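Before any comments, here is the structure.
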Amino acid sequence: MNTEDQIPVMVAGANGKMGREVVQTVLQQVDLRLVSALGHTRGVGEDVGTMTQGEPCGVFLSDNVEECTSKAAGGVLVDFTLGPAVKDIVLSALRHNMSCVVGTTGLPPTDMAEIEETARNHNQSVLLAPNFALGAVLMMKFAREASKYFRWAEIIELHHEKKMDAPSGTARRTAEMMRKARSDGFRAMAQEEESVKGCRGGSIGGVRIHSVRMPGLLAHQQVMFGSHGETLLIQHDARARNAYMPGVMLAIQRVRNLTGLVEGLEHILDLP
């Protein structure tokens, strides 16, 4: 394929666990072209191809945001950095006429508002997704549909011990979608006493969320619904980080069909 027909891609957080997976996958695509990689501390100046798959690709890890976004001008940013850095990276990308795919969750509302305003001012798009696994996105859609028929529901989410936020962005997004699906809300026990504080988890819109963190896990979620004489369990398990790559590649290919700030991968599943 002619390089002019390929989508230029910048990866932010390229030397992190998810970033390395994205770099390796982008390098394998015929319709994408990795042009810059942003990272910090270890590995700066190294060839990211060598870092991820053992073969050089000619793209070197940089810690300079403006340098990376200028090289990828007109392309797509994939950002898997930590929360505090996201806003500045995305704003720089938007100023260079880039669309953005962001996997970081829990951004402050002020950052979200500034990103959305900048995206619209530059006629660009930002897709913010708490989960890129296609199965997880379908799990959320199925949970939203089931919420119309069940008034008792709880979420159990399980992640590795190094995950910092609780509940996960996926669990929060799921609960919010479920809450919007029924105007009369979810049922809860009228009188409930916790002999150990916090054992019933947190609540979003009446949906209880329980977070588990321990070694041996990656990313797992169960949405449990109950009614008289029956339960419904919707479950998704991500057992390796490559589970997220089909969704990330789909986002890169379709994000430019969006406008402004859009939350959730489900919005691009049916786009051409």
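The values are calculated or read from the model by the stated rules, or taken from the named source; none is laboratory data. No experiment lies behind these values; they were computed from the predicted model shown. In this analysis, Cβ positions are derived from the backbone assuming ideal geometry, glycine residues included, and neighbour counts consider all displayed protein chains.
Within region 169-192, the only residue that satisfies the criterion of being touching a Ser or Thr at 6+ places or on another chain (Cβ under 7 Å) and assigned to a loop (DSSP other than H, G, I, E, B) is ARG182.
In region 135-146, the count of residues that are part of a helix (DSSP H, G or I) and in contact with a Leu (Cβ under 7 Å, 6 or more places away or on another chain) is one or more. Taken as a whole, the structure leaves ARG33 outside the set of residues that are in the same structural domain as MET249 (by TED's automatic domain parsing), of a type in the set (D, E, K, R) and within 23 Å of ALA240 (Cα to Cα). The residues of region 193-246 that are part of a helix (DSSP H, G or I) and surrounded by fewer than 18 Cβ atoms within 10 Å (Cβ to Cβ), listed by number, are ARG241, ASN242, PRO246. Got a number for residues in region 1-55 being among the hydrophobic types (A, V, I, L, M, F, W, C), at pLDDT below 90 and not in a loop (DSSP other than H, G, I, E, B)? So the count comes out to 1.
For region 235-267, which residues satisfy the criterion of being touching a Lys or Arg at 6+ places or on another chain (Cβ under 7 Å) and free of Cβ contacts under 8 Å to residues at least 60 places away in the same chain? Don't jump to the end; show me each part of the working.
Step one: filter region 235-267 for residues touching a Lys or Arg at 6+ places or on another chain (Cβ under 7 Å), giving 241, 260, 264, 266.
None - no residue of region 235-267 is touching a Lys or Arg at 6+ places or on another chain (Cβ under 7 Å) and free of Cβ contacts under 8 Å to residues at least 60 places away in the same chain, so the list stays empty.
For region 20-30, indicate whether the set of residues that are out of contact with any His (no Cβ under 6 Å at 6 or more places or on another chain), in contact (Cβ under 8 Å) with a residue 12 or more places away in the chain and over 20 Å from VAL102 (Cα atoms) is non-empty. Looking for residues that are out of contact with any His (no Cβ under 6 Å at 6 or more places or on another chain), in contact (Cβ under 8 Å) with a residue 12 or more places away in the chain and over 20 Å from VAL102 (Cα atoms), one finds at least one in region 20-30, hence yes. For region 187-201, check the following and say yes or no: at least one residue is at pLDDT 95 or above, outside the structural domain of ARG254 (by TED's automatic domain parsing), over 18 Å from the mean Cα position of the chain (by Cα) and not acidic (Asp, Glu). Scanning region 187-201, I find no residue that is at pLDDT 95 or above, outside the structural domain of ARG254 (by TED's automatic domain parsing), over 18 Å from the mean Cα position of the chain (by Cα) and not acidic (Asp, Glu), so the answer is no. May I ask you to list the residues in region 115-155 that are surrounded by 15 or more Cβ atoms within 10 Å (Cβ to Cβ) and among the acidic types (Asp, Glu)? The answer is GLU116, GLU154.
Scanning region 112-134 for residues that are closer than 25 Å to GLU21 by Cβ and assigned to a helix (DSSP H, G or I) yields ILE115, LEU134. Considering region 157-176, and only residues there that are surrounded by 19 or more Cβ atoms within 10 Å (Cβ to Cβ) and over 15 Å from the mean Cα position of the chain (by Cα), the residue that is farthest from HIS220 (Cα to Cα) turns out to be ALA175.
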